[in-house]
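Read the structure below first, then the notes.
Quick note: the coordinates plus some simple rules give every number you see, no bench work behind them. Since this is a predicted model, take the numbers as computed values, not measurements. So basically every Cβ, Gly included, is an ideal-geometry build from the backbone, and we count neighbours across all protein chains shown.
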Amino acid sequence: MPITVQIPTALRRHTDGVGSITCAASNLGELFSVLDEKFPDLKPHIRDDKGQIRRFLNIYVNEEDIRFLGGPTYAFQEGDEVLLVPSIAGGKS
Amino acid sequence: MSHYELRCRECGRTWGNQPRSICDECFSPLEVAYDYDALKPSVSRERISQRQPNMWRYSELLPLPQGYEPRLPVGFTPLFKAPHLGKRLSGTATAAGNLYIKNDAVCLPTLSFKDRVVAVALANAREFGFDTVSCSSTGNLANAVAAHAAREGLKAWIFIPSDLEPAKILGTNVFGAKVVRIAGNYDQVNRLCSQIADEHRWGFVNVNLRPYYAEGSKTVGFEIAEQLGWRLPDNIVCPMAGGSLITKIKKAFDELIKLGLVEPKEVKFFGAQATGCSPISTAVKTGSSEIEPQKPTTIARSLAIGNPADGHYAIKTIKGSGGWSEDVSDPEVVDSIRLLAETEGIFTETAGGVTVGCAGKLYRQDRILPDETTVLCVTGNGLKTTDVLAGVYQTERPIAPKLAEFEAYLQQTLDVDEVPGVVAATEEVAGIGA
């Protein structure tokens, strides 16, 4: 299930500057596995010690907060665009 | 050497002073931390009280660049007793002497408490080299950023949900700001702004300037304490949208205690939301420390943030103080706007209706007691949200400019059962002393 994942500037230092990837994942758990493998440094910035999504990180699917779509149970559709957006971050300094 | 710098609220790492809102290490929000020991000798009640009556009188406790000359007399809004409202909300005469309104409906220059936060954010925007400032807004912030940007000679790009009240859109346009209407709710506008902030080097007051911006809210707390005669109230009732204000009033009180300007006191913090957008009050009521985001459906558009950025900290502030959070329906919001206007002569916007309505509930639940000093924070002006009162009042037929016509009209009016306002409808409130 090819989907696109957009990575914000704040996280790109953990992805060697990569801002977008296309990958196959059918749900959030699978997406995390893909990201863990591809960008091992990113993991602790997205999830806490218990594996929970960090409190101040929001995940959107096609502009909708994934929590409104069922969160981890949401099944990605082909062509979904996933956004990782820190809840109050952003900006060029 | 500055007496303040950014510090991570969770891991404590310091970041100096820069336009940045999160810690790269743990992703948590940054806030401004001060060197209180260095500040202590230069701050006193006497020195503050000799200064001009505006929020800049607390400049040592604000993150202001060295040599910054304020260009607008923001803040120092009235705090006064609300005896008639106190009696109405509590059902007792005791509360009449103990309830206060902090009235930011008359904050300059744009009639909401957002003038305070924007004043501090823009003081820093130029220092950081921005020539354009921006924000996502439910209206009041839009007005404030546009006005202050005009005054500071900065360009302004304002992003708003397209369904905002016309007065708030006009009140942004008039300052020459570029207004971008987004077909979505505030949370969607806010998310878009986080993405835009990644692409354009603009000073977003509530994104990359957020730690500085949020400090402006503390001046509400400083003023309440000073206006009460340098003492803290027992209770604060505060409207909540993003959840920042309530946490910053708490920070203000803590700082005044730390600097010896007021006696230590445990103040209870009470949050107020509209039922149609109540992620913070829902969390408090269900005992959760985390926010479940909501899709807002309320006339209180200035509070319609379903995924509040500071929700987690607002919950902590409320619970840690022994306070509570309530929410009220849209009809209760309208009734409460009218109640405040008819009892105390203050015309507030919907957020103020939310605060007054929730305060009534808190009195009825005995969470706020009549003999406690309680301050309600009214944060915005009713002239910006007149649309919610559409249909409440009928347009009277005009009469001829003749005395006889008026006498007949008067007689007719007295004959007919009066259609009372919300005050007279249920209770006579005359005779309560101020």
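Descriptive notes on the structure:
- Whole-Hz couplings from phi, Karplus 6.51/-1.76/1.60, listed for the stretch A:69-85; x for Gly and Pro: 9, x, x, x, 8, 5, 8, 4, 9, 4, x, 4, 10, 9, 10, 9, 10
- Ratio of Rg to Rh for the stretch B:274-370: 0.98 [Cα atoms; Kirkwood radius as inverse mean 1/r over pairs].
- Set B:LYS40/B:LYS319; B:LYS114/B:LYS295; B:LYS87/B:LYS285 screened for pairs whose C-alpha atoms are more than 28 Å apart: B:LYS40/B:LYS319
- Take every Cα pair under 8 Å whose residues are at least 6 apart in sequence, average their separation, divide by the length of chain B, and the relative contact order is 16 percent.
- Cα gyration tensor, the stretch B:196-328 - rounded (a/c under 1.5), prolate or oblate: oblate
- Cβ neighbours within 10 Å from other chains - mean over B:198-211: 3
- For the options B:GLU223, B:GLU290, B:GLU69, a Gaussian network treatment of chain B with springs between C-alpha atoms closer than 10 Å singles out B:GLU69 as fluctuating the most.
- Within chain B: Cβ-based charge dipole about Cα centre, in debye rounded to nearest 20 (Lys, Arg +1; Asp, Glu -1): 1000 debye
- Ellipsoid semi-axes for chain B, based on the Cα gyration tensor and the rule √(5λ), read 36, 26, 21 Å when sorted largest first.
- The stretch A:2-86 shape via C-alpha gyration tensor axes, a/c threshold 1.5: rounded
- DSSP-defined beta bridges in the protein assembly as shown - what % are antiparallel, rounded to 5: 45 percent
- Sorting the Cα pairs of the stretch B:94-163 by distance into bins of 10 Å, from 0 upward, gives 20, 44, 21, 9, 6, 0 percent per bin.
- Backbone HN-Hα couplings from phi across the stretch B:174-185 [Karplus 6.51/-1.76/1.60, Hz, Gly and Pro as x]: 4, 8, x, 6, 7, 9, 10, 8, 10, 7, x, 8
- Counts of other chain beta carbons within 10 angstrom of each beta carbon in peptide A:50-61 average 3.
- In this rough spin-label picture, where each label sits 7 Å from Cα along the Cβ direction, the B:THR373-B:SER2 distance is 3.4 nm.
- 0 to 90° range, to nearest 10: angle between helix B:350-364 axis and chain B longest Cα axis: 80 degrees
- Per-residue average of Cβ from other chains inside 10 Å of B:16-22: 4
- In degrees, nearest ten, helix B:311-321 long axis to first principal axis of chain B (Cα): 70 degrees
- With the helix formula -39500 (n - 2.57) applied to DSSP H stretches of n ≥ 4, chain B reaches a computed 222 nm mean residue ellipticity of -11000 deg cm²/dmol.
- Selection among B:GLY203, B:SER288, B:PRO41 by position relative to the dipole of the protein assembly as shown gives B:PRO41 as farthest towards the positive end (Cβ unit charges, Cα centre).
- Other residues lying with their Cβ under 9 Å from the Cβ of B:GLY357 contribute a combined charge of -3, Lys and Arg counting +1, Asp and Glu -1.
- In angstrom, the C-alpha Rg and Dmax of the stretch B:114-214 are 11.9, 34.
- Cα centroids of the stretch B:125-161 and the stretch B:51-112: 23 Å apart.
- Euclidean distance of C-alpha centroids, the stretch B:238-285 and the stretch B:4-50, integer Å: 19 Å
- Local net charge near B:PRO211, Cβ-Cβ under 13 Å (Lys/Arg +1, Asp/Glu -1): +3
- With Cα atoms as the point set, the radius of gyration and Dmax of the stretch B:209-249 evaluate to 11.0, 33 Å.
- Ranking B:TYR213, B:LEU154, B:VAL180 by how far each Cα lies toward the positive end of the dipole of the stretch B:114-214 (charges on Cβ) leaves B:LEU154 at the top.
- With 10 Å bins from 0: P(r) over the protein assembly as shown, alpha-carbon pairs, percent: 4, 18, 28, 25, 15, 7, 2, 1, 0
- Farthest toward positive dipole pole in the stretch B:319-359 [+1 Lys/Arg, -1 Asp/Glu at C-beta], among B:VAL354, B:TRP324, B:LEU339: B:TRP324
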